[in-house]
Amino acid sequence: MSRGTAVARVKRPSADATRERILAAALDLFSEQSFEGATTRDIAARAGVTQPLLNYHFSSKEELWRVAVDGLFEELESALRTRSEGLRGVDELTVARLLVREFIAFSAHHPQLHRIVTQECKVDGPRMDWLVERHIRPLYETTTALFARLVERGQLPNIPVAHLYYIVTGAGPTMFVLAPECRRLSGVDPEDPEVIEAHADAVTSLLFGR
(Lines give C-alpha, C1' and ligand atoms only; values in the text may rest on other atoms or scores of the structure.)
Protein backbone atom coordinates (compact mmCIF):
# COMPACT_ATOMS: atom_id res chain seq x y z
CA MET A 1 0.00 0.00 0.00
CA SER A 2 1.41 3.39 -0.98
CA ARG A 3 1.88 6.15 1.57
CA GLY A 4 -0.63 8.32 -0.32
CA THR A 5 -3.31 5.65 -0.03
CA ALA A 6 -2.63 5.27 3.69
CA VAL A 7 -2.97 9.02 4.28
CA ALA A 8 -6.20 9.11 2.28
CA ARG A 9 -7.66 6.33 4.39
CA VAL A 10 -6.74 8.08 7.63
CA LYS A 11 -8.44 11.30 6.51
CA ARG A 12 -11.64 9.64 5.30
CA PRO A 13 -14.49 10.06 7.85
CA SER A 14 -15.04 6.80 9.68
CA ALA A 15 -18.28 4.85 9.41
CA ASP A 16 -18.59 5.03 13.19
CA ALA A 17 -18.36 8.83 13.17
CA THR A 18 -21.01 9.03 10.45
CA ARG A 19 -23.26 6.66 12.35
CA GLU A 20 -22.89 8.72 15.53
CA ARG A 21 -23.81 11.93 13.68
CA ILE A 22 -26.93 10.23 12.35
CA LEU A 23 -27.89 9.00 15.82
CA ALA A 24 -27.34 12.44 17.39
CA ALA A 25 -29.48 14.08 14.71
CA ALA A 26 -32.15 11.40 15.15
CA LEU A 27 -32.38 12.00 18.90
CA ASP A 28 -32.80 15.73 18.36
CA LEU A 29 -35.50 15.36 15.74
CA PHE A 30 -37.40 12.53 17.42
CA SER A 31 -37.45 14.58 20.64
CA GLU A 32 -38.53 17.75 18.82
CA GLN A 33 -41.03 16.37 16.31
CA SER A 34 -41.96 12.87 17.58
CA PHE A 35 -41.42 9.59 15.78
CA GLU A 36 -44.24 10.33 13.35
CA GLY A 37 -43.19 13.91 12.69
CA ALA A 38 -39.48 13.30 12.10
CA THR A 39 -38.51 12.01 8.66
CA THR A 40 -35.35 10.15 7.73
CA ARG A 41 -34.78 12.82 5.07
CA ASP A 42 -34.76 15.54 7.74
CA ILE A 43 -32.51 13.43 9.97
CA ALA A 44 -30.04 12.89 7.12
CA ALA A 45 -30.01 16.63 6.43
CA ARG A 46 -29.46 17.46 10.12
CA ALA A 47 -26.59 14.94 10.25
CA GLY A 48 -25.05 16.28 7.03
CA VAL A 49 -25.29 12.96 5.19
CA THR A 50 -27.18 11.72 2.16
CA GLN A 51 -30.39 9.72 2.44
CA PRO A 52 -28.74 6.63 0.84
CA LEU A 53 -25.95 6.79 3.42
CA LEU A 54 -28.49 6.90 6.26
CA ASN A 55 -30.28 3.93 4.69
CA TYR A 56 -26.96 2.08 4.52
CA HIS A 57 -26.55 2.37 8.31
CA PHE A 58 -30.21 1.91 9.31
CA SER A 59 -32.72 -0.18 7.40
CA SER A 60 -35.79 1.69 8.69
CA LYS A 61 -36.90 4.66 10.77
CA GLU A 62 -38.04 2.22 13.48
CA GLU A 63 -34.55 0.68 13.69
CA LEU A 64 -32.97 4.14 13.82
CA TRP A 65 -35.34 5.19 16.63
CA ARG A 66 -34.61 2.09 18.68
CA VAL A 67 -30.83 2.29 18.28
CA ALA A 68 -30.83 6.00 19.14
CA VAL A 69 -33.01 5.50 22.23
CA ASP A 70 -30.98 2.45 23.30
CA GLY A 71 -27.81 4.54 23.21
CA LEU A 72 -29.32 7.35 25.24
CA PHE A 73 -30.66 5.06 27.98
CA GLU A 74 -27.38 3.15 28.04
CA GLU A 75 -25.61 6.46 28.74
CA LEU A 76 -27.99 7.15 31.63
CA GLU A 77 -27.64 3.64 33.03
CA SER A 78 -23.84 3.84 32.75
CA ALA A 79 -23.74 7.21 34.53
CA LEU A 80 -25.90 5.94 37.40
CA ARG A 81 -24.02 2.65 37.63
CA THR A 82 -20.61 4.38 37.71
CA ARG A 83 -21.83 6.78 40.39
CA SER A 84 -23.30 3.94 42.44
CA GLU A 85 -20.14 1.84 42.22
CA GLY A 86 -18.14 4.80 43.50
CA LEU A 87 -20.37 4.96 46.58
CA ARG A 88 -19.91 1.40 47.87
CA GLY A 89 -19.95 1.40 51.65
CA VAL A 90 -21.74 4.76 51.83
CA ASP A 91 -25.08 4.96 53.66
CA GLU A 92 -28.18 4.62 51.47
CA LEU A 93 -29.53 8.10 52.18
CA THR A 94 -26.34 9.67 50.83
CA VAL A 95 -26.37 7.26 47.90
CA ALA A 96 -29.94 8.22 47.04
CA ARG A 97 -29.19 11.93 47.31
CA LEU A 98 -26.14 11.67 45.03
CA LEU A 99 -27.89 9.43 42.50
CA VAL A 100 -30.72 11.95 42.24
CA ARG A 101 -28.12 14.66 41.60
CA GLU A 102 -26.50 12.48 38.93
CA PHE A 103 -29.90 11.97 37.29
CA ILE A 104 -30.55 15.71 37.27
CA ALA A 105 -27.14 16.46 35.76
CA PHE A 106 -27.74 13.86 33.06
CA SER A 107 -31.19 15.30 32.35
CA ALA A 108 -29.69 18.77 31.98
CA HIS A 109 -27.27 17.56 29.31
CA HIS A 110 -29.68 15.13 27.61
CA PRO A 111 -33.18 16.67 27.64
CA GLN A 112 -33.97 14.55 24.55
CA LEU A 113 -34.54 11.51 26.77
CA HIS A 114 -37.49 12.98 28.66
CA ARG A 115 -38.87 14.69 25.56
CA ILE A 116 -38.90 11.36 23.71
CA VAL A 117 -40.60 9.56 26.62
CA THR A 118 -43.21 12.34 26.74
CA GLN A 119 -43.76 12.11 22.98
CA GLU A 120 -44.33 8.35 23.19
CA CYS A 121 -46.70 8.69 26.16
CA LYS A 122 -48.96 10.79 23.92
CA VAL A 123 -49.29 7.85 21.52
CA ASP A 124 -49.26 5.02 24.10
CA GLY A 125 -48.44 2.28 21.63
CA PRO A 126 -45.86 -0.45 20.97
CA ARG A 127 -42.89 1.91 21.24
CA MET A 128 -44.03 2.88 24.74
CA ASP A 129 -44.29 -0.82 25.63
CA TRP A 130 -40.76 -1.32 24.34
CA LEU A 131 -39.41 1.69 26.25
CA VAL A 132 -40.96 0.59 29.54
CA GLU A 133 -39.95 -3.06 29.41
CA ARG A 134 -36.47 -2.54 28.00
CA HIS A 135 -35.32 0.55 29.89
CA ILE A 136 -37.75 2.32 32.20
CA ARG A 137 -39.06 -0.54 34.33
CA PRO A 138 -35.59 -1.66 35.57
CA LEU A 139 -34.80 1.93 36.59
CA TYR A 140 -38.21 2.31 38.23
CA GLU A 141 -37.90 -0.92 40.22
CA THR A 142 -34.37 -0.13 41.44
CA THR A 143 -35.31 3.42 42.39
CA THR A 144 -38.56 2.60 44.18
CA ALA A 145 -36.91 -0.26 46.10
CA LEU A 146 -34.32 2.20 47.41
CA PHE A 147 -36.99 4.77 48.25
CA ALA A 148 -39.07 2.13 50.05
CA ARG A 149 -36.15 1.30 52.35
CA LEU A 150 -35.59 4.98 53.12
CA VAL A 151 -39.31 5.54 53.81
CA GLU A 152 -39.33 2.54 56.16
CA ARG A 153 -36.40 4.04 58.09
CA GLY A 154 -38.05 7.45 58.26
CA GLN A 155 -35.40 9.04 56.02
CA LEU A 156 -37.91 10.01 53.34
CA PRO A 157 -41.47 11.34 53.74
CA ASN A 158 -44.08 8.62 54.17
CA ILE A 159 -45.32 8.94 50.60
CA PRO A 160 -46.04 6.01 48.24
CA VAL A 161 -42.88 5.25 46.31
CA ALA A 162 -44.60 5.62 42.92
CA HIS A 163 -45.30 9.26 43.83
CA LEU A 164 -41.72 9.77 45.00
CA TYR A 165 -40.46 8.36 41.71
CA TYR A 166 -42.57 10.78 39.67
CA ILE A 167 -41.66 13.69 41.91
CA VAL A 168 -38.01 13.06 41.06
CA THR A 169 -38.52 12.28 37.37
CA GLY A 170 -40.87 15.24 37.03
CA ALA A 171 -39.09 17.92 39.06
CA GLY A 172 -35.60 16.84 38.03
CA PRO A 173 -35.75 17.21 34.23
CA THR A 174 -38.58 19.71 33.70
CA MET A 175 -36.48 22.89 33.80
CA PHE A 176 -34.26 21.47 31.06
CA VAL A 177 -37.02 19.91 28.97
CA LEU A 178 -38.86 23.26 29.03
CA ALA A 179 -35.70 25.32 28.58
CA PRO A 180 -37.19 27.78 26.05
CA GLU A 181 -40.05 28.55 28.45
CA CYS A 182 -37.70 28.78 31.43
CA ARG A 183 -35.48 31.35 29.69
CA ARG A 184 -38.47 33.51 28.80
CA LEU A 185 -40.17 33.32 32.19
CA SER A 186 -37.25 33.55 34.58
CA GLY A 187 -34.30 34.86 32.60
CA VAL A 188 -32.44 31.80 33.89
CA ASP A 189 -30.41 29.72 31.44
CA PRO A 190 -30.91 26.02 32.27
CA GLU A 191 -27.68 25.17 30.42
CA ASP A 192 -25.59 27.24 32.84
CA PRO A 193 -23.59 24.84 35.08
CA GLU A 194 -24.38 26.96 38.15
CA VAL A 195 -28.11 26.74 37.38
CA ILE A 196 -27.86 22.96 37.01
CA GLU A 197 -26.17 22.70 40.41
CA ALA A 198 -28.72 25.04 41.99
CA HIS A 199 -31.58 22.96 40.57
CA ALA A 200 -30.02 19.76 41.92
CA ASP A 201 -29.69 21.48 45.33
CA ALA A 202 -33.36 22.52 45.21
CA VAL A 203 -34.73 19.10 44.28
CA THR A 204 -32.62 17.17 46.77
CA SER A 205 -33.39 19.67 49.55
CA LEU A 206 -37.13 19.31 48.95
CA LEU A 207 -36.94 15.53 48.87
CA PHE A 208 -34.33 14.73 51.51
CA GLY A 209 -34.13 17.91 53.59
CA ARG A 210 -31.03 20.01 54.05
- Query: When the C-alpha atoms of the range 21-125 are aligned to their principal axes, what extent does each axis show, in angstrom, from largest down?
  - Reply: 52, 27, 21
- Measure of compaction for the chain (Cα Rg per 2.2 N^0.38 Å): 1.20
- What shape does the range 85-210 have by the C-alpha gyration tensor, where a ≥ b ≥ c are the square roots of the eigenvalues, rounded means a/c under 1.5, and otherwise prolate means a/b greater than b/c and oblate the rest? oblate
- Summed side-chain charge close to VAL188 - residues other than VAL188 whose Cβ falls under 13 Å, Lys, Arg +1, Asp, Glu -1: -4
- Task: Starting from the Cα gyration tensor of the range 139-210, multiply each eigenvalue by 5, take the square root, and state the resulting semi-axes largest first in whole Å.
- Result: 27, 13, 9
- With r defined as the distance between the Cβ atoms of SER186 and THR50 and R0 fixed at 35 Å, what FRET efficiency is calculated, to the nearest 0.05? 0.25
- Give me the accessible area per residue for the chain, probe 1.4 Å, as a whole number in Å². 57 Å²
- Rounded to the nearest whole number, the per residue volume of the convex hull around the C-alpha atoms of the range 70-147 in Å³ is 89 Å³
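Quick one: pull the percent of accessible area on the chain belonging to carbon and sulfur, 1.4 Å probe, ligands and nucleic acids left out.
Result for the chain: 54 percent of the exposed heavy-atom area is carbon or sulfur.
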- Let me know the volume per residue of the alpha-carbon convex hull for the range 141-183, in Å³. 72 Å³
- Quick calc, the chain, dipole around Cα centre from Cβ unit charges on Lys, Arg (+) and Asp, Glu (-), nearest 20 debye, gives 640 debye
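The values are calculated or read from the model by the stated rules, or taken from the named source; none is laboratory data. Just so it is clear, the structure is predicted and the values come from calculations on it, not from any experiment. Glycine gets a Cβ as well: all are built from the backbone with ideal geometry, and neighbour counts include every protein chain shown. In case anyone asks, the SASA skips ligands and DNA or RNA and just uses the protein heavy atoms, side chains included. Shrake-Rupley method; radii C 1.70, N 1.55, O 1.52, S 1.80 Å.
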